[in-house]
Amino acid sequence: MTIRRITPRDLHERMKGGDKLVLLDVRAEEKYHEFHIEESRNIPKTTIFGLKDDRADSQLPLPKSEEIIVTCTTGNSAAKCAEILDNRDYQVTVLDGGLTAWKAYMSSLKN
């Protein structure tokens, strides 16, 4: 299964349009507190990676009925987390280029 991806521009447009999305930031808590997209939730990737080996259906505080946009610094960890979540029937999409691309896109809007 191929994980869906979304560009920073498309994500921004959907957020402005009021789409019902769950933003999930999988970076370490310290990094999350330094910078994150407004309204995003933080569940560190180590927690999600732990689900891979856990056969029980560990419940995350995430809705299975809504699209979850997974972010990290560059998109690599987000893609790995998205794969694990996808295998547990979450609707996941990865932010292309991660927060690095998001910051670049947002700063391009100010110019």
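Can you tell me which residue in segment 24-60 is nearest to H12 (Cα to Cα), limited to those that are modelled with pLDDT under 90 and in a loop (DSSP other than H, G, I, E, B)? The residue in question is L60.
The set of residues from segment 1-29 being closer than 22 Å to D89 by Cα and either of a type in the set (G, A, S) or touching a Pro at 6+ places or on another chain (Cβ under 8 Å) (or both) comprises V22, V26, R27.
In summary, K16 fulfils each of the numbered conditions (1) surrounded by fewer than 17 Cβ atoms within 10 Å (Cβ to Cβ); (2) out of contact with any Asp or Glu (no Cβ under 7 Å at 6 or more places or on another chain); (3) farther than 19 Å from A101 by Cβ with the single exception of condition (3).
State which residue is surrounded by the most Cβ atoms within 10 Å (Cβ to Cβ) when the search covers only segment 61-111 and only residues that are of a type in the set (V, I, T) and in a helix (DSSP H, G or I). Across segment 61-111, the extreme among qualifying residues is I84. Given the criteria polar (S, T, N, Q), without any contact (Cβ under 8 Å) to a residue 60 or more places away in the chain and surrounded by fewer than 16 Cβ atoms within 10 Å (Cβ to Cβ), does T46 qualify? It is true that T46 is polar (S, T, N, Q), without any contact (Cβ under 8 Å) to a residue 60 or more places away in the chain and surrounded by fewer than 16 Cβ atoms within 10 Å (Cβ to Cβ). Among residues of segment 1-23 that are closer than 25 Å to N87 by Cβ and of a type in the set (S, T, N, Q), those with a beta-carbon under 7 Å from a residue that is at pLDDT 95 or above and not in a helix (DSSP H, G or I) at least six positions away or on a different chain give the pairs T7/D96. Would you call K110 at negative phi, of a type in the set (D, E, K, R) and at pLDDT below 95? The answer is yes for K110.
The values are calculated or read from the model by the stated rules, or taken from the named source; none is laboratory data. The shown structure was predicted, so the numbers you read here are calculated from the model rather than taken from an experiment. FYI the Cβ positions are ideal-geometry reconstructions off the backbone, even for glycines, and counts take in every protein chain you see.
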